[in-house]
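**Student:** Can you keep this structure in mind? I'll have questions shortly.
Readers should treat all values here as calculations from the given coordinates under stated rules, not as data from a laboratory. Bear in mind that the values here come from a model prediction, so they are computed numbers and not experimental data. Heads up, the Cβs are rebuilt from the backbone with ideal geometry, glycines too, and the neighbour counts pull from every protein chain shown.
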Amino acid sequence: MTIDWSRERILILAPHPDDETLGCGGLMRKAKDAGAEVYIQFITVGDTADLSAKGMSTADERYGEVKQVAEFFEWDGWDFAFPGDRYHLKLDALPRFELANALERNSPLSIAELRPTTVIAPHRTSYNQDHQVTAEALHTALRPSNTRLRHHPRLVLAYEQAADQWRYDAAPPPNFFVELTEEQVEAKIQAMRLYGTQSHDHPHTRSDLTLRSLAALRGMHAGVPYAEAYHMMRWLA
């Protein structure tokens with residue numbers, strides 16, 4: 001299956017800023033280079049305690065980083081569905097009905113409003129509760145129905161992150177690979193560096209070497225130098 005990315009309108013769901021880059025940074029660069037439209041629906045952002053010297057990152061810092069990354073990738077649009085500390089890192093406290101409705105029709109970047117051809121979200125086996133909730137809400141929002149009444153994206157993918165290998169149960173192996181060039185891998189790494197509050201030295205899961213190593217591993221699985229791996233949830237040919 002070969003996809004002409006120049007014809008795609010891609011919607012990526014990111015529970016928090018940087019998830020889209022960790023999971024789809026190479027694909028975003030590849031797609032934008034081809035002429036695709038790329039939109040990012042962030043779910044939440046807020047102040048976050050961390051292991052940095054300062055001990056935390058603020059929502060304002062994260063917004064500033066998003067603006068830099070948006071310019072770097074030349075996104076066609078981005079938005080936050082539920083910004084603020086109320087649900088940040090606590091999306092499991094948000095009624096699933098509200099989140100699914102936001103993704104389906106109530107957000108400015110909703111599926112009904114944007115009518116994307118491709119939708120990409122986290123995998124539901126992530127240890128992170130915000131990723132789990134986002135994946136399951138999208139699963140509801142994309143439930144089967146009459147395509148004459150509700151928009152159905154042709155391609156639905158779940159992205160992976162290195163940290164998601166920490167899980168209780170084994171996930172099925174990825175079944176969709178996007179070949180990347182050296183330049184596209186480097187673009188992913190450079191974009192992650194723009195998330196200065198979130199990037200770390202190796203052996204952290206968000207280090208430069210981790211991103212490059214995972215791209216090399218998935219490339220080997222597909223018989224190419226570099227790749228990003230996904231789980232294909234739906235493909236309508």
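**Student:** List the aspartates and glutamates whose Cα lies under 20 Å from the Cα of Lys67, skipping any in the same chain that are fewer than 8 positions away.
**Tutor:** Reachable aspartates and glutamates: Asp18, Asp19, Glu20, Asp33, Glu37, Asp47, Asp76, Asp79, Asp85, Glu186.
**Student:** Once you have the Cα-Cα distance between Asp4 and Arg105, take 0.36 nm times their residue separation minus that, and quote the gain in nm to one decimal.
**Tutor:** 33.7 nm
**Student:** Hey, could you grab the Kirkwood Rh for the chain? Inverse mean 1/r over distinct alpha carbon pairs, Å, one decimal.
**Tutor:** 17.8 Å
**Student:** Here's another thing I want to ask about it. Got a sec to turn the phi values of segment 214-221 into Karplus ³J(HN,Hα) couplings, 6.51 cos²θ - 1.76 cosθ + 1.60 with θ = phi - 60°, whole Hz, x for Gly and Pro?
**Tutor:** 5, 5, 5, 4, 5, x, 4, 4
**Student:** Turning to a different aspect of this structure: Which residue fluctuates the most in the chain, going by a Gaussian network model with Cα springs under 10 Å, if the choices are Lys90, Lys54, Lys32?
**Tutor:** Most flexible of the set in this elastic network: Lys54.
**Student:** Would you calculate the separation in nanometres between label points at Asp76 and Ala171, each defined as 7 Å from the Cα along the Cα-to-beta-carbon direction?
**Tutor:** Rounded to a tenth, the inter-label distance reads 2.7 nm.
**Student:** Given the options Leu180, Leu142, Leu209, which has the most mean-square fluctuation in a GNM of the chain, springs set between C-alpha atoms less than 10 angstrom apart?
**Tutor:** The residue with the greatest mean-square fluctuation here is Leu209.
**Student:** Turning to a different aspect of this structure: Output ³J(HN,Hα) for segment 62-70: one whole-Hz value per residue in order, computed from phi by the Karplus curve 6.51 cos²θ - 1.76 cosθ + 1.60 with θ = phi - 60°, and x for Gly and Pro.
**Tutor:** Those phi angles translate into 5, 4, x, 5, 4, 4, 5, 5, 4 Hz.
**Student:** I've got another one for you. Please give the FRET efficiency for Asp50 paired with Thr140, using the beta carbon to beta carbon distance and R0 = 41 Å, rounded to the nearest 0.05.
**Tutor:** 0.85
**Student:** Run the simple label-point estimate for His204 and Arg154 please: 7 Å along Cα→C-beta, distance reported in nm.
**Tutor:** 3.9 nm
**Student:** Binned at 5 Å from 0, what are the whole-percent values of the Cα-Cα distance distribution for segment 184-237, short to long?
**Tutor:** 4, 19, 22, 21, 16, 11, 5, 2, 0
**Student:** Still on this structure: Along the charge dipole of the chain, pointing to its positive end and built from +1/-1 on Cβ of Lys, Arg, Asp and Glu, which listed residue (Phe73, Leu142, Leu89) has its Cα farthest out?
**Tutor:** Of the candidates, Leu142 comes out farthest on the positive side.
**Student:** Hey, another quick one. Quick one: if you stick a label point 7 Å off each Cα along the C-beta vector at Leu217 and Lys67, how many nm between them?
**Tutor:** About 3.6 nm separates the two model spin labels.
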